[in-house]
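Please read the structure below before turning to the comments.
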Amino acid sequence: MNVQNKDSPIQVTRPLLPPLEEFYPYLQQIWDNQMLTNNGSFHQQLEQALCEYLGVRQVSLFTNGTIALLTALQALQLKGEVITTPYSFVATANALLWSGLKPVFVDIDPVTLNLDATLIEAAITPQTTALMPVHCYGYPCDVARIQEIADRHGLKVLYDAAHAFGVSADGGSVLNHGDLSVLSFHATKVFNTFEGGAIICHDAETKNHIDSLKNFGIVDEVTVTACGINGKMNEISAAFGLLQLKYYPCAKQKSQAIDARYRQGLAKVEGIHCVPGAEGGNYSYFPILVGSTYPLSRDALYQKLRAHDIYARRYFYPLISDFPMYREMAAALPVARKIAAQVICLPIYSELEPDWAERIIALIAGQDRC
Ligand SMILES: *Cc1c(COP(=O)(O)O)cnc(C)c1O
């Protein structure tokens, strides 16, 4: 099962899929119990297992990361404006707009590519109620500075932590920062439940509120106290997450080896800059920046890789603020704009064969011409 199909293109990521035989007993148990969803036994077990593995206090599972973001925004009862990054997947800002909130885009830090904490205060207005940074590519935001700003201005902090599964910062999980953090378990993420997500919070009372919101606002058989939604994770997804969690640590190690190989192989290529990874990161993305001294443009390199069946991705280009729904909110975002024009994310996943990593390095280094 570990053999790369040499005839199909190399994608930027590939879902972690444990051996199918090992999933059958979980399915058998679901069929035996006839409990398909609504906080069944696998759902409860996965919440517990993730609390332990991630080192967080409370996990509430969701049907996907976007519904988890919407529910987190509801739970925080926000109004007005929320400061966020233009350099992310579009779901970050869509969750705000869908909730009737106005995204206010602030530029990013040129090194970490996260929301530049030094620019946040200038963007705060009387309408601002929260900050919504993203741990981009799993690189932790400047959590201490962000919290300090939030405290000074009475703002909530919601982290879009879709890339930050298992990421640690200052010795603990990065997910313990802010009021709430949201994970995505989409098939393209390092840990997946086909589709899925979670909200991480600090205490049981908040979790109960979130759990009620994801179940239509129901409290008990005769009591509904909030306008909730259906955001529940089903038992098949929860069971798959439990099985996958056994394989995740080993998969992460293999991705770490690929990360190291790329860094070494690309270090001397003129015009190519590997975006630094953080200690305690999860090796979920491998972004490079194509500079002006590289012989090809970013898009020409992207096309060249495609011509060799390597489907790298321009994450994150275009900027969210360039989509039509957000154009009127776009401020001057020079750093984000420059990075979006230079970035390519290279394939990285546990089953990427070393041969392919070598081929990708050789293509970028231009050694195919010799
Ligand atoms: C994947 C992703 C989401 C959305 O998660 P889904 O589970 O696909 O709904 C949100 N934000 C970021 C930054 C993402 O990468």
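The values are calculated or read from the model by the stated rules, or taken from the named source; none is laboratory data. Predicted model only: the values in this text are computed from it and were never measured. Glycine gets a Cβ as well: all are built from the backbone with ideal geometry, and neighbour counts include every protein chain shown.
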Out of ILE200, ILE229, ILE210, ILE218, I need the residue that is farther than 18 Å from LEU69 by Cβ and at pLDDT 95 or above. Which one?
ILE218
Is there any pair linking a residue in segment 85-108 that is not assigned by TED's automatic domain parsing to the domain that holds VAL335 to one that is among the acidic types (Asp, Glu) and within 14 Å of the ligand (Cβ to nearest atom), with Cβ under 6 Å and at least six apart or on different chains, and which?
THR92/ASP160
Among the residues of segment 56-73, is any in contact with a Cys (Cβ under 6 Å, 6 or more places away or on another chain), modelled with pLDDT under 95 and of a type in the set (Val, Ile, Thr)?
no
Matching residues in segment 240-268 (within 21 Å of TYR26 (Cα to Cα) and either among the hydroxyl-bearing types (Ser, Thr, Tyr) or in contact (Cβ under 8 Å) with a residue 60 or more places away in the chain (or both)) number 9
If a residue has to be in a strand (DSSP E or B) and away from the ligand (no atom under 15 Å from the Cβ) to count, how many in segment 147-189 make the cut?
6
Has segment 178-199 got any residue that is touching a Cys at 6+ places or on another chain (Cβ under 6 Å), under 22 Å from LEU242 (Cβ atoms) and basic (Lys, Arg)?
no
Where in segment 63-125 are there helices (runs of 4 or more DSSP H), lying wholly inside it, with at least 2 residues that are within 16 Å of the ligand (Cβ to nearest atom)?
65-75, 91-98
Segment 92-105, subset crowded, with 21+ Cβ neighbours inside 10 Å and within 19 Å of the chain's Cα centre (by Cα), residue nearest to GLN342 (Cα to Cα):
PHE105
Quick one: which of PHE286, PHE323, PHE316 is crowded, with 21+ Cβ neighbours inside 10 Å and closer than 20 Å to PRO103 by Cα?
PHE316
